[in-house]
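> Got a structure for you, questions after.
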Amino acid sequence: MNPKVNVLMSTYNGEKYIKEQLDSILAQTYPNIEIYVRDDGSKDNTISILKEYETKGKIHFIQGENVGFIHSFFKLLKDCNQAYYYAFSDQDDIWLEDKIQRAVRRLEENKEENLPIMYYSNYDFYYEDMTFKSHAPNRKKPSFHNCLVECINSGMNTVINEKARQLTINAIPEVCASHDWWLYMICEGMGKVIYEDVATVKHRSHGNNVSECGKSFLALQIYRIKSLFQENYFKTIHKQIQEYAKYFADDLSKENQTILKLFNIEKFRYRNQIKKLCYHKRFRQVLSDEIMIRFMFLIGAI
């Protein structure tokens with residue numbers, strides 16, 4: 001009646017907010033939850049806090065070396081006990097009490113054990129002191145061409161089924177932009193993605209956030225320019241697509257295989273860039289992002 005849900009959290013120097021997040025997970029209305037927390041080499045008091053929760057029997061604590069949050073989440077997904085569903089958690093947000101209950105209800109309504117299925121919800125932005133900031137914009141319909149160049153879900157609002165977990169742990173990429181993006185590509189390409197336009201997370205915006213969520217328009221553009229020119233952002237996306245093709249190209253529909261071939265090339269081909277530039281559907285959710293990605297196609301950045 002209540003399929004088991006594993007909640008997976010990776011921490012790093014999260015002493016300031018970790019108790020609030022853990023307590024919000026423990027306060028979920030859904031009754032069948034196990035929490036796995038892997039610390040990714042914290043230098044502050046995070047480990048002591050997690051050991052305290054472990055002693056009380058509230059979490060499964062894994063103390064690990066620093067591998068970065070992406071591979072830390074992959075390790076959690078691989079090493080945790082089996083469940084029906086797997087939810088991902090940041091270390092500094094607060095979950096609304098019905099978050100998991102909502103996710104399980106929608107996943108059960110769309111239950112297909114042989115397909116990878118992902119649920120994700122909307123969320124609200126909060127300032128560091130947890131005063132309300134704004135609603136996150138509603139997401140447009142997921143699509144395969146979108147998942148190749150944009151991640152529209154976040155780990156904090158994502159829940160997947162066992163099939164999606166199995167496909168992921170058997171195909172952990174060497175190069176990956178983010179674990180949640182990889183899950184989106186797997187589920188959209190070979191299964192189903194379910195979106196619910198209901199806020200289930202209070203996402204705390206502060207100076208140490210890993211993602212760009214909640215940044216102002218100007219700060220977001222600075223972040224993207226920095227990613228483009230200093231951190232090889234589009235090069236990482238291109239390599240991620242190549243990794244995806246290596247593992248899953250033969251499992252896609254013919255239509256999706258055709259789209260994937262436009263991106264899965266080693267060298268610049270002007271003909272492919274023109275095909276992407278003139279593609280009749282939008283790739284990204286926001287117009288300014290769409291203009292940028294079309295420009296990247298034109299110059300061969302992706």
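The values are calculated or read from the model by the stated rules, or taken from the named source; none is laboratory data. Bear in mind that the values here come from a model prediction, so they are computed numbers and not experimental data. As a convention, Cβ positions derive from the backbone with ideal geometry for all residues, glycine included, and neighbour counts pool all protein chains shown.
> Do you know which residues across segment 17-62 are among the charged types (D, E, K, R) and within 19 Å of residue 130 (Cβ to Cβ)?
Taking segment 17-62 as the starting set, the residues that turn out to be among the charged types (D, E, K, R) are 19-20, 23, 34, 38-40, 43-44, 51-52, 54, 56, 58.
Correct list: 19, 20, 23.
> Looking at (1) outside any loop (DSSP other than H, G, I, E, B); (2) aliphatic (A, V, I, L, M); (3) over 23 Å from residue 292 (Cα atoms), can you tell me which one residue 172 breaks?
In the conditions (1) outside any loop (DSSP other than H, G, I, E, B); (2) aliphatic (A, V, I, L, M); (3) over 23 Å from residue 292 (Cα atoms), residue 172 misses (1) alone.
> Just to be sure before I move on: is residue 91 surrounded by fewer than 23 Cβ atoms within 10 Å (Cβ to Cβ), touching a strand residue (DSSP E or B) at 6+ places or on another chain (Cβ under 9 Å) and in the same structural domain as residue 200 (by TED's automatic domain parsing) in the structure I sent? Steps first, please.
On the way: surrounded by fewer than 23 Cβ atoms within 10 Å (Cβ to Cβ): no; touching a strand residue (DSSP E or B) at 6+ places or on another chain (Cβ under 9 Å): yes; in the same structural domain as residue 200 (by TED's automatic domain parsing): yes.
Criteria not met by residue 91.
> Still on this model: Tell me, please, whether a residue that is modelled with pLDDT of 95 or more, of a type outside the set (Ser, Thr, Tyr) and within 13 Å of the chain's Cα centre (by Cα) can be found in segment 132-144.
So far as segment 132-144 goes, no, none of its residues is modelled with pLDDT of 95 or more, of a type outside the set (Ser, Thr, Tyr) and within 13 Å of the chain's Cα centre (by Cα).
> Within segment 68-114, can you find the residues that are within 26 Å of residue 198 (Cα to Cα), out of contact with any helix residue (DSSP H, G or I) (no Cβ under 9 Å at 6 or more places or on another chain) and not aliphatic (A, V, I, L, M)?
Residues satisfying the conditions are 98, 101, 102, 105, 106, 108, 109, 110, 111.
> Give me the residue from segment 22-34 that is touching a Lys or Arg at 6+ places or on another chain (Cβ under 9 Å) and not β-branched (Val, Ile, Thr) and, out of that set, nearest to residue 82 (Cα to Cα).
34
> It is to be established whether one or more residues within segment 193-201 are of a type in the set (Ser, Thr, Tyr) and modelled with pLDDT of 95 or more.
Our first condition is that a residue be of a type in the set (Ser, Thr, Tyr); within segment 193-201, this holds for 195, 200.
Restricting the remaining residues to those that are modelled with pLDDT of 95 or more gives 195, 200.
Within segment 193-201, one or more residues are of a type in the set (Ser, Thr, Tyr) and modelled with pLDDT of 95 or more.
> Okay, next question. With respect to residue 109, determine if the residue is more than 27 Å from residue 205 (Cα to Cα) and free of Cβ contacts under 8 Å to residues at least 12 places away in the same chain.
On the way: more than 27 Å from residue 205 (Cα to Cα): yes; free of Cβ contacts under 8 Å to residues at least 12 places away in the same chain: yes.
Yes: the conditions hold for residue 109.
> Right, another one. I'm checking my understanding of the structure. Among residues of segment 14-48 that are touching a Gly at 6+ places or on another chain (Cβ under 9 Å) and farther than 13 Å from residue 59 by Cα, which one is surrounded by the most Cβ atoms within 10 Å (Cβ to Cβ)? Spell out how you get there, then give the answer.
In the first step, residues of segment 14-48 are kept if they are touching a Gly at 6+ places or on another chain (Cβ under 9 Å); the result is 21, 38-42, 44, 46.
Keeping just the survivors that are farther than 13 Å from residue 59 by Cα gives 40-42, 44, 46.
On the way: 40: 23, 41: 16, 42: 21, 44: 14, 46: 21.
The extreme case among them is 40.
> Considering segment 94-129 alone, what residues qualify as being crowded, with 23+ Cβ neighbours inside 10 Å and part of a loop (DSSP other than H, G, I, E, B)?
Passing the criteria: only 116.
> May I ask you to say which residue of 152, 169, 117, 160 is in contact with a helix residue (DSSP H, G or I) (Cβ under 8 Å, 6 or more places away or on another chain), within 28 Å of residue 287 (Cβ to Cβ) and not hydroxyl-bearing (Ser, Thr, Tyr)? Spell out how you get there, then give the answer.
On the way: 169 fails: within 28 Å of residue 287 (Cβ to Cβ); 117 fails: within 28 Å of residue 287 (Cβ to Cβ); 160 fails: within 28 Å of residue 287 (Cβ to Cβ).
152 is the lone residue from the list that is in contact with a helix residue (DSSP H, G or I) (Cβ under 8 Å, 6 or more places away or on another chain), within 28 Å of residue 287 (Cβ to Cβ) and not hydroxyl-bearing (Ser, Thr, Tyr).
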